[in-house]
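Participant: The structure is given below, and queries will be raised subsequently.
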Amino acid sequence: MFYGSKCHQVVIGETMNYIEFGQGQQALIILPGLGDGLSPVHGQTQAIALALSYKQFAKRFKVYLFSRKNHLEAGYTTRDMAKDQAEAMKTLGISNANILGVSQGGMIAQYLAIDYPQLVNKLVLAVTLSKQNETTAKVIHTWIEMAKQGNYKGLMMDTAEKSYSEKYLKKSRLLYRLLGNFGKPKDFERFLIQAETCITHNSYPELNKITCPTLIIGGDNDKIVGPNSAPELSSKIKDSELLIYQGLGHAAYEEAKDFNDHILNFLNQPEKNTTSRKG
């Protein structure tokens, strides 16, 4: 029922938390977004919840969902994160994996495909960007200020308001206000370091080095990375597929009921498909 879900740590100098589940032989690695800076993957309860959330993938793949390493240094970059991820994969004997990177996880995934192409079979980049833009800079700087002030509830509410469609928020706004009262981290150092990497990330000049089959997913109402980031990625990554959700934003991965279906269909394709799609 829970697809063998377990929470582990891998040692790469520092420890890195990850969750493993699924019944398949081929590896699918999921790299989450900036929320990892506030709440790294941890514990069996979360492992079960994630296995159930990604049950479509669990039936087909051996799924690994990785946090960043547990101790982050000032000046850490998304390229450093990709290096750590590659080391973790090699330590665990994972090669030629499919990579799904969401938001900041997508930034890391770009460098993983650029610097360690032998480790990447297919690549999915969801609601992410290749370089800073005005929208992202404004949002991240606001979050950084909230984190420095210890304003966890404000940070959670602003994230929700900028991630979800108004239709979704009308049903869920009260819940997010309540959730803002729980789960506050002991400190915000980890979040602040990871937030800075989103601002300094710039893989744009090297995107032409990504040669594996790639699916890029965005929303035309993304208020965090902006609506043009997905097309920008697609224009630089050769033969990539582009899927744009109309009317959805950064949380398209939660709101779009067919989000995982599109990814699964892409991963099941035997060959590259160069047709751009819109959803």
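Participant: Could you tell me the relative contact order of segment 79-125? Use alpha-carbon pairs under 8 Å, at least six residues apart, and round to a whole percent.
Facilitator: Values: 60 pairs, mean separation 20.9, N = 47.
After rounding, I find 45 percent.
Participant: What does the convex hull of the Cα atoms come to per residue for the chain, in Å³?
Facilitator: Taking only Cα atoms, the chain has a hull volume of 120 Å³ per residue.
Participant: Here's a follow-up. How big is the convex hull of the Cα atoms of segment 118-252, per residue, in Å³? Spell out each step's value before the answer.
Facilitator: On the way: hull volume 16.4 nm³, N = 135.
Measuring per residue, one finds 121 Å³ for the Cα hull of segment 118-252.
Participant: Between ARG60 and SER172, what is the label-point separation in nm under the 7 Å Cα-to-beta-carbon projection?
Facilitator: That separation, rounded to one decimal, is 2.3 nm.
Participant: With respect to the cross-link table entries LYS55/LYS184; LYS138/LYS209; LYS90/LYS138, which display a Cα-Cα separation exceeding 31 Å?
Facilitator: From LYS55/LYS184; LYS138/LYS209; LYS90/LYS138, over 31 Å: LYS90/LYS138.
Participant: Can you compute the FRET efficiency between GLU254 and LYS148 using 1/(1 + (r/R0)^6), with r the Cβ-Cβ distance and R0 = 25 Å? Round to the nearest 0.05.
Facilitator: So, using R0 = 25 Å, E works out to roughly 0.35.
Participant: Cut-off under 17 Å on the C-alpha distance; same-chain residues fewer than 8 positions from LYS223 excluded. Which aspartates and glutamates are left, in chain and number order?
Facilitator: Within the straight-line limit of under 17 Å, LYS223 reaches these aspartates and glutamates: GLU134, ASP158, GLU161, GLU166, GLU232, GLU254, GLU255.
Participant: Just for segment 1-136, what percent of DSSP beta bridges are antiparallel, to the closest 5? Walk me through the intermediate numbers first.
Facilitator: Working: 13 of 26 bridges.
Here the antiparallel bridges make up roughly 50 percent for segment 1-136.
Participant: Extent of segment 15-121 along each principal axis, from alpha carbon coordinates, in Å, largest to smallest?
Facilitator: The Cα atoms of segment 15-121 stretch 38, 31, 24 Å along the principal axes, largest first.
Participant: So, one more: Could you name the aspartates and glutamates whose alpha carbon sits less than 19 Å from that of LYS6, not counting residues in the same chain fewer than 8 places away?
Facilitator: The reachable aspartates and glutamates, counting only those whose Cα sits under 19 Å from LYS6, are GLU20, ASP36.
Participant: Hey, another quick one. What FRET efficiency do you get for LEU264 and ASN96 if R0 is 22 Å and r is their Cβ-Cβ distance, rounded to the nearest 0.05?
Facilitator: Approximately 0.75, to the nearest 0.05.
Participant: Please arrange LEU100, LEU264, LEU248 by how many other C-beta atoms lie within 10 Å of their C-beta, fewest to most.
Facilitator: LEU264, LEU248, LEU100
Participant: If you don't mind, there's one more thing I want to ask. To make sure I understand the rule: partners must be aspartates and glutamates, Cα under 16 Å from the Cα of LYS238, and not fewer than 8 residues away in the same chain. Which ones qualify?
Facilitator: GLU206, GLU271
Values quoted throughout were computed directly from the atomic coordinates according to the rules given, and no laboratory measurement underlies them. In this text the structure is predicted, and so the values were computed from the model without any measurement. Because the Cβ atoms are built from the backbone with ideal geometry, glycine has one as well, and the counts that use them run over all protein chains shown.
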